[in-house]
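Colleague: Below: one structure in structure tokens.
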Amino acid sequence: MKITLIIFVTSVHHEPTEENTKPLMKSFESNIRPAIGDIIEDSGFDSRFHNSYEVAKVTINYSLNECFVSLAPLVMEIEDMSAEEYIEKLKNNGWKDYKID
């Protein structure tokens, strides 16, 4: 099954812009589908914030063999790294802009 993780990144210290507030996604194939409450780890997550995120919502489309997994949003309160830098780190680890249709 194609699993698509979705996380929303923003900062509480700055007005939302396209650079510091955005949903990101990462897709992969797996025979295991996450459930609400599961904890997801990823190499793009920075240990200064979280090493992992909780699954908040799961949407399954069996006819397309796809699963969309919404992770708890990342609202940055500590400015050790800006939201823009965190988004760039995620992108360097396979995350992409999530286009909402």
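None of the figures in this text is laboratory data; all of them are computed from the coordinates on show. Note that the structure is a prediction, hence the values are computed from the model and not measured. Cβ coordinates were reconstructed from backbone atoms using ideal geometry, including for glycine residues, and neighbour counts include every protein chain displayed.
Colleague: Quote the FRET efficiency, to the nearest 0.05, computed for ILE39 versus ASN65 with a Förster distance R0 of 35 Å and r equal to the Cβ-Cβ distance.
Modeller: 0.90
Colleague: Evaluate the distance, in nm, between pseudo-label points positioned 7 Å from the Cα of ALA72 and of LYS99 along their respective Cα→Cβ axes.
Modeller: My value for the distance between the label points is 3.2 nm.
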